[in-house]
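Derivation of every value follows stated rules applied to the coordinates shown; laboratory data play no part. Source: prediction; values computed, not measured. Cβ: placed from backbone, ideal geometry, glycine included. Neighbour counts: every protein chain shown.
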Amino acid sequence: MITFLALLCLLALFMVFRMPIAFAMGLVGFIGLALQLGWRPAFAVLERIFFDSSSSFILVAIPLFILMAELLTSGDVTRRAIHACQCWIGHVKGGLAMATVASSVLLAALVGSSTASTAAMAASAFPEMRNHNYADRLAAAVVSVGGTLAVVVPPSIVLVVYGVLTETSIGQLFIAGIVPGLLTASGLALVIKIIATRTDQAPKGDPFQLGKAVKASRHVIPMGLLMVGVIGAIYGGVASPSEAAALGVMGSLIIVLVQRSITFVGLSTSVSAAIRATVMIVAIVTCSAIFANYLAFTRITHALLEFASTTDLPRAAILAFMVLILLVMGMFMDQLAILSLAMPLAFPTAMALGYDPVWFGIVVTKTVEIGLLTPPLGLNAYVASAQTGVALGTIFRGIVPFLLMELVVLVVLLCFPEITLWLPSLMLG
Amino acid sequence: GIAETLRLGDFQSTSHIVSIEGTTRWMAAVEEATGGAVSFQHFPSQQAAKSKAQLDAVNNGILDAALLGTLYHAESLPLNSVVGLPGFYSSAQQGTKALQAMLKEGPLREELLAAGVTPIFGFVLPPYQVLAKKRLGLAEDWKALDIRTSGSTQAMTARSMGAVGISIPGPEVYTAVERGRLDAVLFPLASVPGYKLNEVVSHISTNGSFGGYSFVMVVRSDLFKDLPEDVQAKMLELGAETAMHVAKAQDDSVEGLVTQWKDEGIDTYTFSDAELASLTDSMKLVGQDWLERINADGAEAVLENYRALTSK
Amino acid sequence: MIERTLRKIEDTLHLAGCLALVAVAVLINADILLRMIANRPVQIQFELTELYLMPALATLSLSRVFRDGGHLALDFGPETLPGLWGTLLAKARLLLPAAFFAAITFMSAKFAWGAFAHHEVEYGVIDWPLGWAYAVAPLGCSVLVLRLIHDVFRPAEPDLTR
Ligand code: NA
Ligand code: NA
């Protein structure tokens, strides 16, 4: 335990002195493994760690969705589409940020991965908010938080993994995610509204002119067609969700070529930018896998959860304790690592306490999603920072009010299971 | 003696029947029977190493023991992949008996020992069945269908009947079937509830044999050798008992699942003799292909022995 | 001179990574189109992407991304400290990761070498040689090690990494 705390301090030290996060987590995880298992096994973990973390078909959605957004942005398609939104709702304070939230919901129906969604929004919506004099901290925070909608709104990789690990109905989990997803989106819009009213982070745009708005609307058509095409391909059975990302790239390429709004340089810059973001993400995922591996061998989460499952505290307290552990794990770990580490104990405990498996799945998903927004390992904030160039500290500060909202939504979901279970029960007749 | 705690790696989750009736049950039995001389730290759900890295992890001392999915290690354990072939065992109990016999002595055991690990016990999943939105019978019915398969042997199985073997990651299978991207899926029935495929298909075969899957519990050989002999014997004895137990539990569970699906209105059907003959005939190609790919001494003998053991 | 050579290597690997991404996009689209039109998928697409293209596009540019300041670091700590301690700290910040990535390079290169030596294959649509699949990670990591060590000994100059 003392070794573990010492290593956490070392990790904090490395990070404060600006060692890249990936390097710091890998290094500390490696040292931890060596102390826990011995040097030979620790070295052996390094053998195939990069290969195992990157050799996955499900991951292709990340570079492909980033590439799609880069193409659309460098071909000016997003700017024109968002300009059209601006014409309609720009006269409202914070209107553009709210339009970004709405786009995040649409994108969430397409994408099952938070990082892919955040990267796409950071590449497309952020520059528009910046052009309209939004404060960087607000604009970058909105794309980071909006990205988390991708795993609550179906399809969702996290929900599928939860379903498989716990043998819970994936279909019901997907349906159950819809209302909490919309609730989160409303919460986001509310926070934007408050920030826009109280501060000058989200300025008002030009006054509303119907003619101008109608005229600008035609620029929404290409984006609209692309969305309909890609969502249609998934729901029409033409492509699996990962493959659909490739269709999105093709569609965007066709749009920018037809509009003649892109050059060869623009094309290669887009590919290069997509690679850059992907390499950064995979490096962090790989190195945090080393850290998660160390954490698994310390058996600390195991011990904590075992305490939760054997204690005779009231059931609400046990549930709160488990959610708290998941929140803390979320500070240091990737969502899927948390699920595989925690669910073998947390799920049976929740079931023994008589909670509903679908509801618990949504609560868990929501909880690990919050981890994507908290330092030190807050993948969504990282992706937004890498994509927008806004300093990480600024983004984490911008996220604070939204984080409070996320916690409120979580508590609401915890206290009122009906919100989650209402839609699935309706579907079952 | 000195108490020994073994780190045991597992790629299955603890809620899977293979873990409940197999791995976890065996660990508890060993801990009890040896009076704590051997105990386990269990790392389920790939927590310690990815499924393909479990064997390496045991060799490198990251783990001391592991439940291997042998098909994940086809490059180091080619002969053990014989269990993946279609058209052999028809129940988990039959397949497990055959596997246990082959792990006791012969090329499958030798191959594992050569990889630095000692097999304790092995068992199989019930044979893969076909799940689809229509009834697939004769080999002709399969022509040009998109079928989700995992691994080369199953892809070849699909191809032998004129279908197309499609690789789709496990977590995406549900969505792909639901939306018609896939026409059918080859799947072990015990795992169907885990992926909730019964929500999205209407027809499930119950007496086909579209390939098998074997699990082998292994312990690092140099560690196993140093255990007291009575402890070794207990682990093996309890292993043999667990192997048959988990096989029977799976067969029973499949029976229960089939009844339940029938009640849900799913057409759970058996192939007629004519259909089985047509399928088996087509799938002969797969065994030929396996022999060519493996291209190892004794592969032919392994195949013959396996055929003899599963004809009983 | 060394800086120029290093840059050239980084740029070449980055180009290879970019081409891998383009290949993924083209292959998946070809797969979808062909199976819609001719009911004949591009059989090798899935395995080629998973085994070779994903590891390549995710690891080959490790060093180039570091050079461009693309590996995120927290930015609310002190940028530099004055004096000897500051210098030591700045060096350690590069040397420790260099040692760590050298370990990854060594172990994963040894692993890839073993796969080459034993002619390990993944039995798929074709027999995929695994050595090449494993080899890209040590390639990407080794150049990162060179970059980190090079930056340790580079004389103080305007910070190019941001
Ligand atoms: Na989604
Ligand atoms: Na976090």
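Here are the numbers for the structure shown:
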item: Dimensions (Å) - segment A:117-262, Cα atoms, principal axes, largest first; result: 52, 42, 25
item: Cα gyration tensor, chain A - rounded (a/c under 1.5), prolate or oblate; result: prolate
item: Residue among C:Glu122, C:Glu50, C:Glu79 with the largest mean-square fluctuation in a Gaussian network model of chain C, springs linking Cα atoms under 10 Å; result: C:Glu79
item: Prolate/oblate/rounded label for segment A:291-339 (Cα gyration tensor, a/c 1.5); result: oblate
item: Chain A: most fluctuating residue of A:Leu173, A:Leu96, A:Leu253 per GNM, C-alpha cutoff 10 Å; result: A:Leu253
item: Residue exposure sequence - C:Tyr134, B:Tyr89, C:Tyr52 - by fewest surrounding Cβ within 10 Å; result: C:Tyr52, B:Tyr89, C:Tyr134
item: Average projected area [Cα convex hull, the protein assembly as shown], square nanometres; result: 38.0 nm²
item: Gap separating the Cα centres of segment B:73-91 and segment A:146-210, nearest whole Å; result: 46 Å
item: Residue order, fewest to most beta carbons within 10 Å, for A:Cys287, A:Cys415, C:Cys18; result: A:Cys415, C:Cys18, A:Cys287
item: Cα-based helix-to-principal-axis angle, A:264-298 vs chain A, degrees rounded to 10; result: 20 degrees
item: Gaussian network model of chain A, Cα within-10 Å springs - most flexible of A:Leu107, A:Leu35, A:Leu403; result: A:Leu35
item: For chain B, alpha-carbon Rg relative to the globular expectation (2.2 N^0.38 Å, N residues); result: 0.99
item: Acute angle (nearest 10 degrees) that the helix B:24-33 long axis makes with the longest principal axis of chain B, alpha-carbon atoms; result: 20 degrees
item: Residue order, fewest to most surrounding Cβ atoms within 10 angstrom, among C:Asp31, B:Asp252; result: B:Asp252, C:Asp31
item: Among the listed pairs B:Lys104/B:Lys225; B:Lys97/B:Lys143; B:Lys143/B:Lys248; B:Lys104/B:Lys248; B:Lys50/B:Lys234; B:Lys52/B:Lys133, those beyond 25 Å (Cα-Cα); result: B:Lys97/B:Lys143; B:Lys143/B:Lys248; B:Lys50/B:Lys234; B:Lys52/B:Lys133
item: Restricting segment A:186-282 to chymotrypsin sites (Phe, Trp or Tyr not before Pro) in coil, as DSSP defines it, with at most 16 other Cβ within 10 Å; result: A:Phe208
item: Principal axes of segment A:71-192: Cα extent on each, largest first, Å; result: 48, 31, 23
item: Segment A:3-138 shape via C-alpha gyration tensor axes, a/c threshold 1.5; result: prolate
item: Cα principal axis extents for segment B:44-116, largest first, Å; result: 35, 25, 19
item: Cα-based helix-to-principal-axis angle, A:417-427 vs chain A, degrees rounded to 10; result: 70 degrees
item: GluC sites (Glu not before Pro) within segment B:72-127: DSSP coil, no more than 13 neighbouring Cβ in 10 Å; result: B:Glu105
item: Integer Hz, Karplus 6.51/-1.76/1.60 couplings in order for segment B:127-136, x for Gly and Pro; result: x, 5, 10, 9, 10, 8, 8, 9, 6, 9
